[in-house]
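**Student:** Pasting a structure below so you can have a look.
All of the numbers you see were taken from the coordinates with simple rules; none came from a lab. Every value quoted in this text rests on a predicted model; they were computed, and no experiment measured them.
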Amino acid sequence: MGCNTSSDAKSTKEEKDAQENQTNTTTEEKQKEPAGECNDSEAEAATKIQAAFRGHQTRKSISMKANKPNQEPEPEPTKSELEAEFRADDKELCNAATKIQASFRGHQARKQTQVETKTKEQQDKEDIEKIDLADPDLNKAATKIQASFRGHKVRKDTTN
């Protein structure tokens, strides 16, 4: 083949460009894959470093609190100081105090109820444990209760 015509040259040039594009694309994909893996490992490493530093900070702050010499607590204000700071005719302050008192009284009542419930449950368990299941009077009473309930159930079913 002798001379290349311009159309042959263009098609050959286009084929070479297409091959180069494929090669570049493949190379870029190969470069992206390890880079993505690298980013993941870098992110994991960064997370571990951050976690270790946060742990270090927390331990340091706890040890600082433990090492502080016991500071004397501020003395409680006297009645005259409180009266000077808070006026009795301040409605907003009175409403806030009332709300706090009501919340605390509700808390106390719930706590007391919980204690009473636990005590009652414990007493019920002790009473059940004390029952003698071998007692013949207990068996007679259970039979009587069962018979009366069965009679009630039959009478109810026959009226319907």
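**Student:** How big is the Kirkwood radius of the stretch 87-147, worked out from every pair of different alpha carbons and given in Å to one decimal?
**Tutor:** 16.2 Å
**Student:** List the extent of the Cα atoms of the stretch 36-160 along each of their three principal axes, largest first, rounded to whole Å.
**Tutor:** Cα spread of the stretch 36-160 along its principal axes, largest to smallest: 75, 69, 39 Å.
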